[in-house]
């Protein structure tokens, strides 16, 4: 089939590559407009766009695809459109462009974790199993009927980017299988059960503040789920600290209290139940580093409270 592919980040890139390695043809790629790097004021080209340009695939970037893209995309006479972490909501005029409509690669086991941040929320909630669904795109947010799903077990160590990378390979292969079945008229789309639906909206920077009143396991899952973006953080006597990696421990103390702060022993903080050892962090205007290395150059007072 002739496919128009809509996607932007690395998760989408692996899906695009799988289509190109299949019997199907990518007629065009649509990706979000380029971003500007705040530090160097340079244009940042996304991975999907870069790959498409390298391989001679026409690329389009619309500020609003539903208002700007209809005529352009119709001209390709594609059989189907595929979205994977594209980043814009499609209106009915776009959904109706192709005979086979639009299918989406969503990084959750629908109807669980509909929305923009399914993997982050699943890891924060401590889910032991995550996965990918191939669904029919409709006007609702991830509400369409599902034709294929595949799950994977988490290892309890990955952050959201690690998990998304693993899921992208599963999603790419599942997507090609779905395209094959649709072409052969063998695909079976099953409506989602609304009573089991859960949602995860887009995380904002402030959502990354660590709540040390949670249990040590909950704090651990929060840090790995919210990282690398928007990132976990807390306030200290030395300013804001981005917290990149922790591990649960059994220490006791007042919520947020620094129990250990030593260049040799590390940095340990009390939680509502248990404690966490902070392994890697990034100080304000500084570089990512091991917590012990940080403490070799900066003092944190035992007994002081993080987050206040």
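Kirkwood analysis of the Cα pair distances in segment 11-64 returns a hydrodynamic radius of 12.1 Å.
Shape summary of segment 261-308, radius of gyration then Dmax from alpha carbon positions: 10.8, 32 Å. Three principal axis extents of segment 200-239 based on alpha-carbon atoms, in descending order, are 31, 22, 15 Å.
Counted by neighbouring Cβ atoms within 10 Å, the residues 79, 142, 96 run from fewest to most as 96, 79, 142. Remark: spin-label model distance residue 252-residue 34 equals 5.9 nm, labels positioned 7 Å along the Cα→Cβ axis.
Based on the convex hull around the alpha carbon atoms, the chain presents an average projected area of 17.3 nm².
Working from Cα pairs under 8 Å separated by at least six residues, relative contact order for segment 114-196 is 32 percent.
With one equal scatterer per alpha carbon and no solvent term, the Debye-computed log10 I(q)/I(0) for segment 43-168 at 0.11 1/Å reads -0.45. A viscosity of 1.306 mPa s and a temperature of 10 °C, combined with the Kirkwood radius over Cα pairs in Stokes-Einstein, give a translational diffusion coefficient for segment 205-297 of 124 µm²/s. Scattering from segment 6-105 was approximated by placing one identical point on each alpha carbon and applying the Debye formula without solvent; log10 I(q)/I(0) at 0.13, 0.15, 0.17 1/Å stands at -0.44, -0.58, -0.75. Here the peptides 262-270, 82-90 are ranked by packing, the mean other Cβ count within 10 Å, and the order with the highest first is 82-90, 262-270.
Beta bridges per DSSP, both residues in the chain: antiparallel share near 65 percent.
Centre-to-centre separation between the Cα atoms of segment 232-308 and those of segment 196-229: 17 Å.
Placing pseudo-labels 7 Å out from each Cα toward the beta carbon at residue 129 and residue 217 gives an inter-label distance of 1.8 nm.
Which residues does the label zone of residue 10 cover in segment 46-76, counting backbone N under 14 Å from a point 7 Å along Cα→Cβ? Correct set: 46-48. Length gained on full extension, residue 45 to residue 181, computed as 0.36 nm times the residue gap minus the Cα-Cα distance: 45.6 nm.
Extension gain for residue 296-residue 198 works out to 30.8 nm (0.36 nm per residue, less the C-alpha to C-alpha distance).
Quick note: the coordinates plus some simple rules give every number you see, no bench work behind them. What you see is a predicted model; the values in this text were computed from it and never measured. Glycine gets a Cβ as well: all are built from the backbone with ideal geometry, and neighbour counts include every protein chain shown.
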